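Below you'll find the structure, written out as structure tokens, and then a few comments.
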Amino acid sequence: MEWITRWRKRLRVLFRRAEVERELEEEFAFHLEMETRNNLRAGMTPEAARRQAVLTFGGRERFREEVRDARWFAPLIELTPDVKLALRMLAKHPALSVTGALGMAVGVAIATAFFSFMAFYYSAPPLDEGDRIVALDYLDSRNEDCFCTTLFDLDTWRGSQRSVRQLSAFRDSHRYLSVPGGTTGGVRVAEMTASGFDVARVPPLLGRPLLPSDEAQGAPAALVIGNDEWRRDFGADRGIVGREVRLDGTPYTVVGVMPEGFRFPYNHGYWAALRSAPALHGPGEGPHVTIFGRLASGVPMAAAEAELRSVSPRLARELPAAYGTLRPIVRPYAQVVLDVHQYPDWIVWTMQLFAALVLAAVAVTVASLVYARTASRQAEIAVRTALGASRRRIVTQLFVEALALSSLAAVAGLLIANAAFRQIVSIDPGSLPYWVEPGLPASTVAYAMGLAVLAAFIVGIVPALAATGQRLQSTLRQMGGATGLQLGSTWTALIVVQVAVAVAVLPIVIGIAWNSYRESRAEPTFPVEEMLVLRLKRDEAPAREAPAAPSVEQAGGSFAETQAELIRRIAAEPGVLGVTYASAPPRSGQPVRIEVEGGVATADAARVVALSSGVAPSYFDVFGTQVLAGRPFGSGDAPGGAATVVSRSFVRRFLGDGVALGRRVRGTAIAAGDSVQPGPWLEIVGVVDDLYDESGEPEFQRPAIYLPTALGAAPVSVAIRTRGIGPDALVPRLWEIAGKVAPGRPMTVAGPDELRGGDTGRTVRFSVILVSLVTLSVLLLSAVGISAMMSFAVTRRYREIGIRLALGASRRQVLQGIFARSALQLALGLAVGVALATLLERLSGGELMRGQQHVLVPMVAALVIAAGLLATAGPARKALGVHPMEALRQE
Amino acid sequence: MSPHASNDILRGTLDLLILKALSLEPMHGWSIAQRLEQLSGDALRVGAGSLYPALQRLEERGLLVSEWGVTEENRRARYYELTGAGRSALGEESRSWREYVRMMDTILRTT
């Protein structure tokens, strides 16, 4: 336990220095006293005894120093004044400190966020030998995930390879859970083969896991529940096994509860059997599933992949259409479920390097500012050197200053990254795998600290070496004069580069920020608080379980009749004001290119896409959409007829706000890869308001073209407008109705939140904040950078200006000279910057600024010019005030 | 730099001597100096300028602990005491010192 005593003392020495020094003093005094007494005993006079003792003892101050030096923290003590000075310098140059720190903070945030991503990339689920769990997948010829593994592949691989055992599959599905007498709501269900539980090697807490017998078609539907869900939704009822709940209206029996912390395969709290009937699915058909298993003992991943490839040629030969271009791969499980497995390690590392380079780029800019400041401290440095400070000592001091700045930036950057991370997780808690903890791991914090040191090196050491390395002697000789570093073409080049980068990059960054801001501001024009949109799904066969009540379809009815019955029953509910339907929910539909008879009136119409959807005659009425011209659809408009209704933004985009009624238009559906024939010509019979008012920003409106529709085999979006009761209160009732009319059919319900933009809206708003923060810091950094460099350049010319004045130059001539040089530097920078911006915009296909470069580039250029000229004016005024005699004396 | 080297040798020797002086009982700084003077037959005078830094160093290395106590004359003084580590360091360093002397002696005799 001696080390405890020792450390207690160490800390005491560090934090209670005054007390420790006092004790040292007391100890010395005691020593002197004893020595004096000894001398007295030897027969000296008191005075002589005392003098002799002091003489033997020597200089107390020197001892004190030596005693201090013997302590462990001596190097720290030596640094203390540096740290103090550093903090003072930071406070003395607030503009430089704030912009420098903000810029570097954003750099650190980007780099650490990426570093956290790397941690996910190399993560493994926290299961027994979790790193042996792998996923099997296909990449297409472009090395991208084709999301094309199906149950057919599971079946093939189960029979043809031996490197990966317990092959399993899951798919993620969103269902609506209702517990009799309990909670209801949307849940995420893992439809997984029973073997998935064998892969996880985690036994259930209660009951049993899923068994292969649960997978058989016609077997009773079994459900396993996660621990959190069991506690939250079922009150930790230990008798839950055997209870019945409903998913999307289908009854399921709870067969087991999993222990705490188990949310495999991704972030799931409900598990249902993946009905595995490969015979029903041909190659490449059926839903996409994620296939995974455990590497057989002793088999490396590369060997498993090699075995898989040996199976592949046969498939490619037999089924060239489906498998001809696919390459099977075996990857760590985490990489596949995070969908990052298409990137090889070196790409991930390169990206990480680039993320760190962002910080390095910012640091270089800050370094040039610091260099300017350091150069203006030439005199101070020279004096300190003359007084005996070594170059190392001065460089250390400047490094500590930079480190103080970059450490602040690193802390801020970590906070930003952490906040961003938590925000992302809070928007959708299930969006990350369950084993990824929100927050920053210790390794990330360490990485950020490493980045701080790197940034401090760039910001502090490089300018310090440059400033201390040369002509110190001459600086000393010229002390009192204003000349320090000789600035020539290098400095001009630096300014030109700085201006050019600002003009090229800033408009793009601002454009992205501005566009994402505007995109996030689409307000619905319909009473969103009263609306619900539901949709029956058709993509899966209805479950074969015995229905609770005879359904329309089982009585021989069609899907159309099912939907009609659903609408009829919902309309009869109390609190329902109106029910209508459309082929697509608001703000979506089939994207089409529009052709206008007699030519297109607006220039950019060719690249604008309209959304086409079929609507019921009552649609605009239920949504409360204003009819601006003509008429809405009536009973006379049959599907397939020639009448169409278009939205306000449609008219603006395609008809140039001209007369719309009576014009004929036709659309060509945009479908990937296929060439589609244009549709028939349609006559515009009405113009309605947009469903979402996109703040009058034409770029973000989605022009809509409506066609009459009727209920048919295709699923429709049913829109319900309520009155008197909140839409949310109606949801349980809707599920009840759906359970009777269409038992087992999956259904989605969207309430006011989703219609308002919901999660997407929040995500967009959040990214807007992030992008704005980056923009702001880059903007500030550029403006301050340019001003600092230009003002510094003028400051360096004080003496020259003074001499010119002394030689009789008029103030006007001198001012002209000063501004001419600044203007030249700015003009050069602007020219290069505008050229770069134009090139970048062209390379991106107009996506970066979306046609706003004519506003953004001049705006930024004006800002840069203003910053540059202002920065010139201040020092220029000061320089004119320099008395010619003073300037001459400095020669 | 040679002055440094000779300092280091002196320093190492002084550390060993202090440990030896403290091996019998805890002592304050002045009496350590006195004891060393005595033991060396007045041949060695340890100045305060070497003594106190050495005490700090040894305490920092965990070979000594110090505690404020009271002398026989009722005067407050800082007493230094060997720790377990100090005791074994004394044994170790005495041994290697003797070996060093023996080696030097052998060399000096043969050449």
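The values are calculated or read from the model by the stated rules, or taken from the named source; none is laboratory data. Remember, it's a predicted structure, so these values are computed and weren't measured experimentally. Positions of Cβ are backbone-derived with ideal geometry, glycine not excepted, and every protein chain shown enters the neighbour counts. Remember, those area values only see protein heavy atoms, side chains included, never the ligands or the DNA or RNA. Shrake-Rupley method; radii C 1.70, N 1.55, O 1.52, S 1.80 Å.
General observations
- Annotation: B:Glu25 fulfils all but one of (1) surrounded by fewer than 20 Cβ atoms within 10 Å (Cβ to Cβ); (2) in contact with a Lys or Arg (Cβ under 9 Å, 6 or more places away or on another chain); the unmet one is (2).
- B:Ala33 vs. criteria within 11 Å of chain A (Cβ to nearest Cβ), crowded, with 16+ Cβ neighbours inside 10 Å and touching a Phe, Trp or Tyr at 6+ places or on another chain (Cβ under 8 Å): no
- Members of region B:36-50 found to be of a type in the set (S, T, N, Q) and more than 9 Å from chain A (Cβ to nearest Cβ), listed by number: B:Gln38, B:Ser40
- Of the listed requirements (1) farther than 18 Å from B:Leu55 by Cα; (2) facing chain B (nearest Cβ under 10 Å); (3) of a type outside the set (Asp, Glu), A:Ala48 misses just one: (2).
- Some residue of region A:186-196 being within 28 Å of the chain's Cα centre (by Cα) and at pLDDT 85 or above: yes
- Of the residues making up region A:13-32, those that are without any contact (Cβ under 8 Å) to a residue 12 or more places away in the chain, within 8 Å of chain B (Cβ to nearest Cβ) and more than 60 Å from the chain's Cα centre (by Cα) are A:Glu26, A:Glu27, A:Phe30.
- Of all the residues in region A:633-658, those that are modelled with pLDDT of 90 or more and open to solvent by 40 Å² or more (accessible area, probe 1.4 Å) number 0.
- Residue count, region B:51-95 (criterion: open to solvent by 30 Å² or more (accessible area, probe 1.4 Å), within 11 Å of chain A (Cβ to nearest Cβ) and assigned to a loop (DSSP other than H, G, I, E, B)): 3
- Residue in region A:804-825 that is closer than 17 Å to A:Val860 by Cβ, open to solvent by less than 60 Å² (accessible area, probe 1.4 Å) and assigned to a helix (DSSP H, G or I) present: yes
- Filter pass, A:Arg37 being within 14 Å of chain B (Cβ to nearest Cβ), at pLDDT 80 or above, surrounded by 11 or more Cβ atoms within 10 Å (Cβ to Cβ) and part of a helix (DSSP H, G or I): yes
- Meets criteria (of a type outside the set (Asp, Glu) and either at pLDDT 85 or above or touching a strand residue (DSSP E or B) at 6+ places or on another chain (Cβ under 6 Å) (or both)) for B:Ala54: yes
- Annotation note: of A:Val330, A:Val400, A:Val383, A:Val336, the sole residue that is part of a helix (DSSP H, G or I), modelled with pLDDT of 75 or more and farther than 19 Å from A:Phe114 by Cα is A:Val400.
- Condition check for A:Leu408: open to solvent by 50 Å² or more (accessible area, probe 1.4 Å), at pLDDT 85 or above and within 16 Å of A:Leu96 (Cα to Cα): yes
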